[in-house]
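To keep things clear, I will list the structure first and then write my remarks on it.
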Amino acid sequence: MVAPAILATSPAVAGAEPIYETVVHGDEPEGEDARGRAASRVDRRDIQERQPRSAPDALRYEPGVFVQQTAHGQGSAFVRGRTGQQTVMLFDGIRLNNSTFRQGPNQYFFTLDASTIRAIDVVRGSASVRHGSDAIGGAIEALPIEAPLWPDIDGFRASPRSVLRLSSADDMVGQRFQLDWQWDRLGFVGGAGFRSVGLLESGGPVLGPATGRPAAAPRFADDGRTQLGTGFDELTFDARSEYDLGEGRRVVAALYGYRQYDAPRTDQCPPRLAPHDECLEYDEQFRTLAYAGFRGPVDGTIAADLRASVSYQRQHELRSLRRPASHTLGLGADNVDTYGVAARARSGTLRLAPGLDLAIRYGGDVYHDRVESAAWLTFTDVDVTRRLSRGQYLDGATYTWGGFWVEPEIVVADDLTISAGARLGASAARAPGEPQSESAPVDATWFAPAARAGLGWVVADRLVLHVNVDQAYRTPNLDDLTSRQQTGPGFQFENAELRPEEALTVETGAEWGLARVTAEAWAYWTPMWGAIARAPREASECPAGAEACRGSWNRFQLVNLPGRADVFGVEFSMLAALPAGFALRQTLAWAWGEGPNPAGRPADPRVPYRESLPLSRIPPLNGTFELMWRADWGLWAGAAMRWAAGQDRLALQDLSDARIPEGGTPGFAVLDLRLGYRLRRHLVVGLVIENLADAAYRHHGSGVNGPARGASLTLEAAL
């Protein structure tokens, strides 16, 4: 059978031993989404050695992934040039995307505590057959640390764990306490943690290539290095229990919580051309996830492995916009309650004929969102508060999405794998109108089928060729249809007439390897029809009751682009297990995007006009390099470099974005050094000296610059 991915491992494969004694249960191999696809994994060892500041930060060394940070307390991963609404994020198989995810980068993957994650799987390329709406760029799934079910326990066993984290560039102090225990067939893992993060020091301002002036965001303290509008506080908690039913089956009950406080949105703190004391801040960014599920085989033929869950999730935001000069304080609160049911299964391998095997994967899911949204305006000089007619979204709106899918796979003589798949999906949006603000009601239902086909061919020993064609879609969500909000480029207002986005990914790849070296290369083309983008609008086109729209320097409305938009790209990654405990890993990615101009042709033919423009936020040519040495007795040391070329291909909305310097984002190269020691599962000490050259840099589209030269230290101890 064709291997799922030769390069589905990380540098940790060289002489790796288990980080935890936790048993991974169930017959289904992890990373099933990655079979025959462009994919990679960040495991627990990678997280311990790289010491990322967040879950998105843990993906910076993955091929085809580019991480943007609007603020120090936010982070969004671009997969093949797509992010936010156009990538699907999951936690333990449960969808994190909800109907208020906004255009472009968002902060929600940041709300996963990296201390509770044992691995993150990234599948690059359209994935709507498996995951439904939004999976145009790909899928990112975080897998949690599991409760211990040690096979040699007779009675009770407990293991406390403490994790201390410090970093100098942002004066961060973090602490997590965790307890693992097992009693007979019942296992439990739970913990609580906190972080206090200060202002982030950078290597200095990043200068625009067109003017030599720094970007409007962030603003700096007098030292020219400390970035204002950064810093936040964070609390986390989690509890997970698993009961072993025997024969690889288990039931799971879990609760995960994230609480972030006082996190400024850096590019709006202050906004460009605003007084220095004006600031938009996320006073509360909360996420709560509770679920129960079953994992394991049910029937050796129809359901050799089944994973099913019922879940409840709440996303809560409380924002404040302080404008002391005008004596006003704006408050906005949004709650999204999501109820979900999901199941996926695979059959056993069916022998159709000698040398001809069939396996079928199938599943279904339904998620239902209920939205509460409100806004208030306080006049601070007279201490008067009035509730506005509507919030960022329409209060009482609902959104339902789901579908059923099947993916058969035929293996011929262990050398040729033919796969296919189809999904019948649907989405329904409902929102009441609000006459005072001239907000139109929404009552829309979309049926969205998707299909895929793939071919994997073992051409020779250790050489596999792949060809995949995947259809994807994204139905307009409540953010598209109902929201009014201040974005990086300007004020954005709703469009209740939007149609679904449709996309197709055509990709070809090769995976090959020798005794110590494995590598993969992929090339892809993703055409999109009806792609949703921001179109510029005049102040006269602002809806009633949207004073912020008329008062903004730039105004945008989401529209479906006419014709076709395209994203092309190539990706390469290589892993070498060298002698004497050394390992080398290298990645390279390039993407190019272009689509129809969202602005209408001007009436005056003398005004310059281009029929097509670059797509927004497409990452530049970028790559990584990691050289690691690991001793059998636990010591490790290494160096890692991240680099990116400049990006001067800007979309229309990028030209007014305070986060992008005039003329584009310049390139950079950042070198980190790593040193650490691991004593099995009992002690882990890790030190990272980051940005050794003290470079001033930022990732394209980010509102904050990267950290200055500094040190990050992790001390993890367990009994």
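The values are calculated or read from the model by the stated rules, or taken from the named source; none is laboratory data. These figures come from a predicted structure and were not determined experimentally. Backbone-built Cβ (ideal geometry, glycine too); neighbour counts: all protein chains shown. Keep in mind that these areas ignore ligands, DNA and RNA; they rest on the heavy atoms of the full protein, side chains included. Shrake-Rupley method; radii C 1.70, N 1.55, O 1.52, S 1.80 Å.
Considering segment 361-399, the residues that are of a type in the set (Val, Ile, Thr) and open to solvent by 50 Å² or more (accessible area, probe 1.4 Å) include one that is nearest to residue 327 (Cα to Cα), namely 380. The set of residues from segment 337-360 being open to solvent by 30 Å² or more (accessible area, probe 1.4 Å) and closer than 23 Å to residue 426 by Cβ comprises 339, 341, 343, 344, 360. Is one or more of the residues making up segment 218-230 farther than 30 Å from residue 645 by Cα, open to solvent by less than 70 Å² (accessible area, probe 1.4 Å), modelled with pLDDT under 95 and in a loop (DSSP other than H, G, I, E, B)? Looking for residues that are farther than 30 Å from residue 645 by Cα, open to solvent by less than 70 Å² (accessible area, probe 1.4 Å), modelled with pLDDT under 95 and in a loop (DSSP other than H, G, I, E, B), one finds none in segment 218-230, hence no. Taking (1) modelled with pLDDT under 95; (2) open to solvent by 60 Å² or more (accessible area, probe 1.4 Å) in turn, residue 310 satisfies each apart from (1).
A quick yes/no check of all residues on (1) under 28 Å from residue 528 (Cα atoms); (2) small (Gly, Ala, Ser); (3) in contact (Cβ under 8 Å) with a residue 60 or more places away in the chain:
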residue	(1), (2), (3)
398	yes, no, no
401	yes, no, yes
406	yes, no, no
410	no, no, no
429	yes, yes, yes
434	no, no, no
445	yes, no, no
469	yes, no, no
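Residue-wise test of (1) open to solvent by 60 Å² or more (accessible area, probe 1.4 Å); (2) more than 30 Å from residue 254 (Cα to Cα); (3) outside any strand (DSSP E or B); (4) modelled with pLDDT under 95.
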{"site": "170", "(1), (2), (3), (4)": "no, yes, yes, no"}
{"site": "174", "(1), (2), (3), (4)": "no, no, no, no"}
{"site": "179", "(1), (2), (3), (4)": "yes, no, no, no"}
{"site": "188", "(1), (2), (3), (4)": "no, no, no, no"}
{"site": "194", "(1), (2), (3), (4)": "yes, no, no, no"}
{"site": "209", "(1), (2), (3), (4)": "yes, yes, yes, yes"}
{"site": "216", "(1), (2), (3), (4)": "no, yes, yes, yes"}
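Consider segment 676-690 and keep the residues that are free of Cβ contacts under 8 Å to residues at least 40 places away in the same chain and under 29 Å from the mean Cα position of the chain (by Cα). The one that is farthest from residue 115 (Cα to Cα) is 689. When residue 395 is tested against (1) over 14 Å from residue 330 (Cα atoms); (2) part of a strand (DSSP E or B), exactly one condition is not met: (2). The strands (runs of 3 or more DSSP E) located wholly in segment 555-602 include none with 3 or more residues which are open to solvent by 60 Å² or more (accessible area, probe 1.4 Å), touching a Lys or Arg at 6+ places or on another chain (Cβ under 7 Å) and over 19 Å from residue 518 (Cβ atoms). Within segment 660-675, the residues that satisfy the criterion of being over 24 Å from residue 608 (Cβ atoms) and either among the acidic types (Asp, Glu) or open to solvent by 10 Å² or more (accessible area, probe 1.4 Å) (or both) are 666, 667, 668, 669, 671, 672, 673, 674, 675.
All of 454, 425, 403, 433 fail the test of being in contact with a Leu (Cβ under 9 Å, 6 or more places away or on another chain) and crowded, with 18+ Cβ neighbours inside 10 Å, apart from 403.
Could you check segment 603-628 and list, in sequence order, the residues that are crowded, with 17+ Cβ neighbours inside 10 Å and in a strand (DSSP E or B)? Hits for segment 603-628 are 613, 614, 622, 623, 624, 625, 626, 627, 628. Apart from one condition, residue 692 fits all of (1) assigned to a loop (DSSP other than H, G, I, E, B); (2) at pLDDT 95 or above; (3) under 24 Å from residue 211 (Cβ atoms); (4) hydrophobic (A, V, I, L, M, F, W, C); the exception is (3).
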